[in-house]
Amino acid sequence: MNPEANGTQQVTTANLPAPLEASPPPMIREPVLDGRAPAPDSSAEPDRADRARRRRSDRQLAQADHVMKTRVKHPDGGERTAADTQADEDDQRERINQEREEGSRKHDRLPRWQREIPKFVLVFDFVLLLYFFAGITNVYWQSPLSMNLAFAIALAAMVTVLSYGFLAFTGHRWRSQKDDRGLPAFDEVDGLTKAASVAAMAVIGVLAVLMYLRMHTEVIDALGTQAAQTALVIPLAVAVVSAVANFLVVGIHAVDGSDEVHRMEKLAAATRRPSRRAHQLRQRAAQQAHR
């Protein structure tokens, strides 16, 4: 029978559609291994350095506190820690500033060059007294190294130191009697200050007489007896200068500041070294913290 006759179509290989070509499976890329080791995490390095700086800063601050706890000699006697002595200085400064704001002038200081004058007077007196005692002990200046010169130096030093010390003491007594005008209150001067003043005037007079006699002898020896006026004027001038210079020692010590100001300076001097060391340590600690 003809297959077309019974209405059916014979399926043949030629009639089938062409099969789809299968695509190859996708290739899986394996990770390429790098021979180099992975870089370490560097974020921990700054933290470690910062912690080290903080430790150094804390250690320096602790050292500064320890330095201020050292004991120093207190001007009022005994010993106190540097921190307590510095607190006393601050309290003293506060009281002085308060009195200055109220119009008091007793704490005013003299210029620095005027405060140095007593030192020059000290040297001036020593040289003149050495010249005076050298003449008495017959020092032979062409060969001065002798017991006579040593004795003259000892006498000159003794008289100079004792006289200068007493004049300074008298000036300090007058300084303690100052009022708010910055001048000694003469109506309230105590008996010790009056007695010291009388003795100081006697010391100044004796020194002036010694200078007059020594210079009068030198002028007579140099010019002879005919130098009448010269033998009077030159020694008198030296004596007056000596008296004024020694009186100036008393005056400068009397009007230069007050007992409170000088106490404050002694407190500051007692803590100068430890406070400077503590300041350096705190400064280094601050630099470490801000790096």
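The values are calculated or read from the model by the stated rules, or taken from the named source; none is laboratory data. Predicted, not measured: the structure shown is a model, and the values here were computed from it. Cβ: placed from backbone, ideal geometry, glycine included. Neighbour counts: every protein chain shown.
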Practice problem: Output the residues belonging to segment 185-195 that are outside any helix (DSSP H, G or I) and in contact (Cβ under 8 Å) with a residue 12 or more places away in the chain. | Solution: VAL189, ASP190
Quiz item: Within segment 217-237, how many residues are exposed (fewer than 12 other Cβ atoms within 10 Å of the Cβ) and of a type in the set (A, V, I, L, M)?
Solution: 2
Exercise. Would you check which residues across segment 160-183 are of a type in the set (Val, Ile, Thr) and more than 11 Å from LEU122 (Cα to Cα) and list them?
Key: THR170
Quiz item: Residues in segment 205-216 that are buried (at least 17 other Cβ atoms within 10 Å of the Cβ) and either within 41 Å of the chain's Cα centre (by Cα) or charged (D, E, K, R) (or both): how many?
Solution: 4
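Yes or no, residue by residue, for (1) in contact (Cβ under 8 Å) with a residue 60 or more places away in the chain; (2) in contact with a strand residue (DSSP E or B) (Cβ under 8 Å, 6 or more places away or on another chain); (3) not charged (D, E, K, R):
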residue	(1), (2), (3)
VAL203	no, no, yes
VAL206	no, no, yes
LEU210	yes, no, yes
ARG214	yes, no, no
ASP221	no, no, no
THR230	no, no, yes
VAL241	no, no, yes
ALA245	yes, no, yes
ILE252	yes, no, yes
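Please note which helices (runs of 4 or more DSSP H) are completely contained in segment 218-291 and include at least 2 residues that are in contact with a Ser or Thr (Cβ under 7 Å, 6 or more places away or on another chain).
On the way: elements: 230-255, 259-270, 272-289.
Answer list for segment 218-291: 259-270, 272-289.
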Exercise. May I ask you to list the residues in segment 133-154 that are part of a helix (DSSP H, G or I) and either of a type in the set (A, V, I, L, M, F, W, C) or surrounded by fewer than 13 Cβ atoms within 10 Å (Cβ to Cβ) (or both)?
Key: PHE133, ALA134, ILE136, MET147, LEU149, ALA150, PHE151, ALA152, ILE153, ALA154
Quiz item: If GLY182 passes every condition in (1) in a helix (DSSP H, G or I); (2) under 33 Å from the mean Cα position of the chain (by Cα) but one, which one does it miss?
Solution: (1)
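Here is a yes/no grid of residues against (1) in the same structural domain as ALA87 (by TED's automatic domain parsing); (2) of a type outside the set (S, T, N, Q); (3) modelled with pLDDT of 90 or more; (4) in contact with a Gly (Cβ under 9 Å, 6 or more places away or on another chain):
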position: ARG181; (1), (2), (3), (4): no, yes, no, no
position: SER197; (1), (2), (3), (4): no, no, yes, no
position: GLU218; (1), (2), (3), (4): no, yes, no, yes
position: ASP221; (1), (2), (3), (4): no, yes, no, no
position: VAL233; (1), (2), (3), (4): no, yes, no, no
position: ALA239; (1), (2), (3), (4): no, yes, yes, no
position: HIS279; (1), (2), (3), (4): yes, yes, no, no
position: GLN283; (1), (2), (3), (4): yes, no, no, no
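Yes or no, residue by residue, for (1) assigned to a helix (DSSP H, G or I); (2) farther than 30 Å from ARG100 by Cα; (3) not small (Gly, Ala, Ser):
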{"residue": "VAL127", "(1), (2), (3)": "yes, yes, yes"}
{"residue": "TYR131", "(1), (2), (3)": "yes, yes, yes"}
{"residue": "ALA156", "(1), (2), (3)": "yes, yes, no"}
{"residue": "VAL161", "(1), (2), (3)": "yes, yes, yes"}
{"residue": "ALA168", "(1), (2), (3)": "yes, no, no"}
{"residue": "SER197", "(1), (2), (3)": "yes, no, no"}
{"residue": "ALA200", "(1), (2), (3)": "yes, yes, no"}
